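What follows is calculated from the coordinates using simple rules that are stated; it is not laboratory data. Note that the structure is a prediction, hence the values are computed from the model and not measured. All Cβ positions, glycine included, derive from the backbone under ideal geometry; neighbour counts span all protein chains shown.
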Amino acid sequence: MSEVEIERENAAIAQAYKDLLKISYRNLSSDDKKLIRKAFDIAVDAHKDQRRKSGEAYIFHPIAVAKIVASEIGLDATSIAAALLHDVVEDTDYSLADIEQMFGETVARIVDGLTKISSLKKDMDISLQAENFRKMLLTLNDDVRVIIIKIADRLHNMQTLQHMREDKQVKIASETLYIYAPLAHRIGLYNIKTDLEDYGLKYTEPEVYNDILNKMKDSKEDQDAYIAEFSNVLKSSLDKEGLNYSIKGRPKSIFSIRNKMVKQGVAFEEVYDKFAVRIIYKSDLENEKFLAWKIYSIVTDHFRPNPTRLRDWISSPKSTGYEALHITVMGPQGQWVEVQIRSERMNEIAEKGYAAHFRYKEGKEKEDSLDIWISKLQEALENPELNAVDFVEEFKLNLYSKEIFVFTPKGDLKSLPKGATPLDFAFSIHTEVGMKTRGAKVNGKLVPLSHVLHSGDQVEIMTSESAKPNSNWLDYAKTGRARSKIKSSLKEEKKSIAEDGKEILRRKMKQLKITVDEKSINELVNYFKLSTSLDLFYRVSIGTIDNKMLKDFAAQRSNAFMTFIKSRIRKPSKAPDINRQEIVSKYDLLVFGNEEDQLDYKIANCCNPIPGDSVFGFITINDGIKVHKKNCPNALSLQSNYAYRIINAKWIDSSEQEFTAKIRMAGIDNLGLVNEVTKVISDNMHVNMKSVSFDTDGGTFKGRVTVVVKNNTEVKKLMDKLKKISGIDKVTRE
């Protein structure tokens with residue numbers, strides 16, 4: 001770099017620092033400014049020789065993270081300093097001890113929590129990313145600011161992701177959608193959550209993202225005009241009441257619109273609530289609730305509300321601290337509009353989450369509420385025995401869950417995730433209550449433990465000293481806390497039974513002249529297609545692996561094990577008499593990696609990809625390569641937790657090979673509809689129909705057709721033609 005460029009860059013760094021001080025919404029004391037200045041100086045020195053993928057000086061990254069922490073979340077000077085220093089220990093010569101000596105124990109603890117895992121062995125059969133998540137989530141016990149700064153760090157990484165390789169983009173974006181966006185949601189950082197989701201979609205499904213983005217841009221003018229029309233109807237009534245308020249229109253995020261399109265099986269144009277109207281009013285604490293309901297009354301005087309779509313989070317705030325009234329009303333031109341009513345205080349909590357929520361608490365109340373809030377997030381943290389991926393899955397269970405509110409027999413209010421059962425309620429009261437649950441009453445009536453609770457239910461748990469968890473409980477429990485406790489209990493019981501099984505196995509194998517050692521146990525585990533030796537001992541103990549089965553194993557031990565191993569090592573056919581060019585010209589081929597190798601594979605049952613679909617390969621432990629669609633329900637989990645097992649895959653142009661696709665239809669039942677559907681299918685490019693079923697109910701129908709096609713282009717064309725049939729409302733592919 002030339003001297004002029006260096007000067008220009010130094011000036012930009014100095015300006016970025018000034019902006020950081022300016023944007024903090026807290027009033028910084030002189031001590032705060034000294035702390036931040038010191039952290040800034042150390043960060044500049046530590047990263048002086050480093051550059052990002054984009055080519056800019058690395059220091060711009062920690063400054064950007066600190067800006068997010070200061071402005072969008074509003075944390076204190078300690079957090080801002082920790083954000084500036086968050087990569088220093090991992091990437092430079094400064095040690096954690098240096099940081100503690102210069103900045104004290106609190107900043108050092110936060111920086112330590114933010115330091116990524118680098119010591120895990122690469123050849124271990126574990127998910128490094130899940131281990132990383134586990135370490136990060138466990139820091140909730142120490143200092144919740146670690147998580148918040150980590151989310152800010154991830155947001156800035158997503159904002160600059162265009163400079164990374166494509167495979168890195170997909171991995172990082174998948175992690176973001178899998179864990180960071182749900183975590184931001186659970187903490188109440190709704191604005192950041194929305195940004196993370198949209199960036200995640202941009203890099204995991206770029207075509208979908210760009211298509212919705214362009215359609216939103218095209219319809220922006222119409223939406224702005226509609227919001228203005230809606231607002232003008234309300235203004236005179238709100239002004240008449242002397243309210244101090246503002247009305248803003250807010251488009252829904254690209255990610256949430258895409259979710260609605262997928263869940264409802266509709267096109268972009270058919271999503272009815274692509275934006276929300278937010279009414280924000282000034283009020284003192286005493287009159288907040290009264291004014292919210294007054295505004296609600298004015299809105300519903302002008303526009304008819306949907307009675308099933310009222311959400312009152314003022315009387316019962318979310319566990320994140322979120323407060324608001326949400327109503328959906330029938331607006332002008334017969335369009336549904338979501339209206340959110342919030343005071344300025346509620347709005348700040350909604351936008352800044354944790355920091356704003358606790359800024360309104362004082363003294364002991366502040367400490368107590370923080371403890372309660374963290375305990376809400378710890379439901380999976382109490383079971384350290386879970387492997388890393390299970391740990392993250394359990395933790396994720398409650399991150400995005402909607403809340404219901406139920407009552408104890410004494411009338412206390414309890415918050416649970418939507419879909420919770422009496423078992424979840426029992427474990428939320430106390431672990432011992434959960435473990436000893438014998439039955440439950442909801443609103444005075446005996447219900448099964450699988451009964452789904454609803455807001456307003458009063459729940460009573462009946463316990464017994466002889467009661468204990470059984471495996472069916474895992475089907476009933478929904479919360480991470482309950483599931484982890486049940487799994488723990490079942491595992492302990494299984495261990496106890498397995499101990500007996502080990503001794504039984506030793507005796508039986510001795511009779512068959514086989515020594516029970518690590519090698520023979522591994523052979524047995526593989527032979528019986530089990531996961532662990534614990535499963536083997538357990539099955540021997542309960543008798544599901546009997547004497548005859550063990551004799552069969554011994555009889556064919558010499559050749560059966562080798563046959564089994566060979567069946568697990570899947571190789572592509574390379575017979576010399578097969579002409580590769582002939583295969584390419586005749587069949588659809590799936591090729592893997594940058595070299596476009598032909599490898600043997602299986603199609604994943606969870607998403608059933610066909611030629612033309614965007615896909616990737618996943619290298620399983622025992623089943624070779626499995627091919628998944630990029631928008632498979634399991635894709636995010638696999639790409640996030642097991643990025644090192646992902647292999648690029650793509651279809652080579654289609655020809656003669658055929659694949660099965662399932663299409664669902666719904667609409668109004670018309671005479672001759674089935675004939676029209678079958679005619680369209682049989683006339684459409686000679687697509688063959690394997691099966692068809694139609695159910696009618698009160699003038700509506702649901703249909704399911706299985707067709708044989710060559711690729712997904714044929715499926716799309718067929719679905720487009722089916723949509724044009726009179727009476728058909730929705731056409732989706734399974």
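Please report, in debye to the nearest 20, how large the charge dipole of segment 488-568 is about its Cα centre when each Lys and Arg carries +1 at its beta carbon and each Asp and Glu carries -1 there. Don't jump to the answer; show the numbers that get you there.
On the way: 17 positive and 11 negative charges, 68 e Å.
Charge dipole, segment 488-568, about its Cα centre: 320 debye, nearest 20.
Fewest first, what order do T700, T421 take by the number of other Cβ atoms within 10 Å?
T700, T421
How would W473, W651, W336 line up from fewest to most surrounding beta-carbon atoms within 10 angstrom?
So the ranking, lowest neighbour count to highest, is W336, W651, W473.
Beyond 22 Å, what share of the Cα-Cα pairs of segment 416-553 remains, rounded to the nearest whole percent?
Beyond 22 Å sits 50 percent of the P(r) for segment 416-553.
Using DSSP to define loop residues, name the trypsin sites (Lys or Arg not before Pro) in segment 160-233 whose beta-carbon has at most 12 other beta-carbon atoms within 10 Å.
Values: sites: R165, K168, K171, R186, K193, K202, K215, K217, K220; in loops: R165.
When the trypsin sites (Lys or Arg not before Pro) of segment 160-233 are filtered for loop state and at most 12 Cβ neighbours within 10 Å, R165 remain.
Specify whether the C-alpha gyration tensor of segment 3-206 places it in the rounded, prolate or oblate class, a ≥ b ≥ c being the square roots of the eigenvalues: rounded for a/c under 1.5, otherwise prolate if a/b is larger than b/c and oblate if not.
Because its axes are fairly even, with a/c under 1.5, segment 3-206 counts as rounded.
Can you sort Y180, Y209 so the residue with the fewest Cβ neighbours within 10 Å comes first?
In order of increasing Cβ crowding within 10 Å: Y209, Y180.
Give me the compactness ratio for segment 659-733, meaning the Cα radius of gyration over 2.2 N^0.38 Å.
Taking N as the residue count of segment 659-733, the ratio is 1.01.
Counting pairs of Cα atoms in segment 43-114, how many percent are more than 16 Å apart?
Taking all Cα-Cα pairs of segment 43-114, the fraction more than 16 Å apart is 46 percent.
Hey, which of these cross-link pairs are over 25 Å Cα-Cα: K235/K274; K352/K402; K252/K721; K215/K418? Display every interim value, and only then the final one.
Values: K235/K274 22 Å; K352/K402 19 Å; K252/K721 30 Å; K215/K418 33 Å.
From the list (K235/K274; K352/K402; K252/K721; K215/K418), the Cα-Cα distance tops 25 Å for K252/K721; K215/K418.
Tell me the net charge near F694. Cut-off is 12 Å between Cβ atoms, F694 excluded, with +1 for each Lys or Arg and -1 for each Asp or Glu.
-1
Would you tally the net charge around P251, using a Cβ to Cβ cut-off of less than 14 Å, leaving P251 out, and scoring K and R as +1, D and E as -1? Walk me through the numbers before you get to the answer.
Values: positive: K215, K217, K220, K248, R250, K252, R258, K260, K274, R278; negative: D195, E197, D198, D218, E221, D222, D224, D273, E338.
Net of charged neighbours comes to +1.
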